[in-house]
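The values are calculated or read from the model by the stated rules, or taken from the named source; none is laboratory data. Model, not experiment: these values are computed from the prediction. Cβ coordinates were reconstructed from backbone atoms using ideal geometry, including for glycine residues, and neighbour counts include every protein chain displayed. Keep in mind that these areas ignore ligands, DNA and RNA; they rest on the heavy atoms of the full protein, side chains included. Shrake-Rupley method; radii C 1.70, N 1.55, O 1.52, S 1.80 Å.
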Amino acid sequence: MDKILEILKNKWVKFGVSFLSLAFPVFILFVDWLSFAYYLEPINGVPLFLLYVLCNVIFGGIMFYTRKQIVTKIVVCITPLLAFLLLIIAFGQWYLIVPPVVICLLTFLACNTNETFKTILGTVYLLMFVVGTLVYLTMLHFNLTVQSLLEITECDLSKRYGEYDYSTDGSYRLVRYIDNDNEERQSASFYVERTEEDIELPYLKCYKHLGSQKVLVSMYQDEVTYEWISDTKLLIDGRVKDIEKIFKQAELEKLKTEEEDKEETEDEVYLTYYEKQGISQEEEEEEASGVKKPIIFDDNESAEETDNTEEAADAGNADNAE
């Protein structure tokens, strides 16, 4: 037992174990991605939550054991930012948010870093969490989400209906979203999702909704009939939808938009201050110095000016003679 304790206290052992703490930010990023791009459907909630808590506790134990190592110090300073992203993306799914946030808080407080640096960084993170939560609550009041602000998807996962209809080969999934905010005019939106990127974890199914395509919007009271007539064709509300063609068209439009944005960025002309004001740099310098250049006439203008001067002189002499 003493030998085991001696090995555990060895600084090189701690240094080696500290590299395992790098898996914690990777783990949080993975949860961030799942919350952002997937609809999470627990198969068995209690075992799933206990397994999730156990993973966070293991990472917390590793970071507490190696809290004096430089690798762990860096990890501890980064993970609160990733936990904040999880708070914004998965707001309301507290079983996902609370365990990593608690581990980040405890390891941040226990980490052996400079107290001044820890105080400043801790204050920044605290303000970030408080202000971010208030801003996100305001967004929810106006039915806005991170995905909708980024114009990635229009789907509101809180309105997702739990029954799906799959194509004959299982490559596509028809999903309904029921908007019941307005009781007088409830609507139902039908989306098709690809199933090839779905993920199945222990006690959890992850259905990818990012990139789904809308095929129909109707009143919720109206009865909509739908049926998969082939692997890629859907008969819905009396119309046949070629799903594969819809997805390809969406990808082409996305590529076209990206190319147009790229061309606009490349062709954008950056005007100087003088070009924006519609004047030349020389005119600006003249006005600033108060010195004006002499006016130079061409030959015709000089001749006309000379003739006008002579005529004025002759008229003056005639008046004097009189």
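How much of residue 232 can a 1.4 Å solvent probe reach, expressed as accessible area in Å² and rounded to 10?
Estimated to the nearest 10 Å², residue 232 gives 40 Å².
Using only protein heavy atoms and a 1.4 Å probe, report how much of residue 88 is accessible, in Å² to the nearest 10.
Counting only protein heavy atoms, the figure is 30 Å².
Counting heavy atoms of the protein chains only and a 1.4 Å probe, report the per residue accessible area for the stretch 183-242 as a whole number of Å².
Spelled out: the 1.4 Å probe surface of the stretch 183-242, per residue, equals 60 Å².
Taking 25 Å as R0, compute the FRET efficiency from the Cβ-Cβ separation of residue 230 and residue 179 and round it to 0.05.
0.25
Calculate, for the stretch 1-126, the solvent-accessible area per residue in square angstrom, rolling a 1.4 angstrom probe over the heavy atoms of the protein chains.
Here the residues of the stretch 1-126 average 56 Å² of exposed surface.
I'd like the accessible area for residue 17, computed on protein heavy atoms only with a 1.4 Å probe and all protein chains in place. Round to 10 Å², please.
Its heavy atoms expose roughly 40 Å² to the probe.
Which distance in nm do the two modelled labels at residue 203 and residue 254 give, with both placed 7 Å along the Cα-to-Cβ direction?
Going by the 7 Å Cα→Cβ label model, 3.3 nm.
If DNA, RNA and ligands are ignored and the probe is 1.4 Å, what is the ranking of 239, 185, 194 by accessible area, most exposed first?
185, 239, 194
For 203, 39, what's the largest-to-smallest order of accessible area, 1.4 Å probe?
203, 39
Which chymotrypsin sites (Phe, Trp or Tyr not before Pro) does the stretch 53-145 hold that lie in a coil by DSSP with at most 11 other beta carbons within 10 Å?
142
Between rounded, prolate and oblate, where does the stretch 158-264 land on the alpha carbon gyration tensor, with a ≥ b ≥ c its root eigenvalues, rounded for a/c under 1.5, else prolate if a/b exceeds b/c?
Rounded, since a/c falls under 1.5.
Mind running the shape call on the stretch 78-122? Use the C-alpha gyration tensor, a ≥ b ≥ c as the square roots of the eigenvalues: rounded below 1.5 for a/c, prolate if a/b tops b/c, oblate otherwise.
Prolate.
Among the listed pairs 159/256; 208/241; 159/248, which have their C-alpha atoms separated by more than 23 angstrom in this model?
159/256; 159/248
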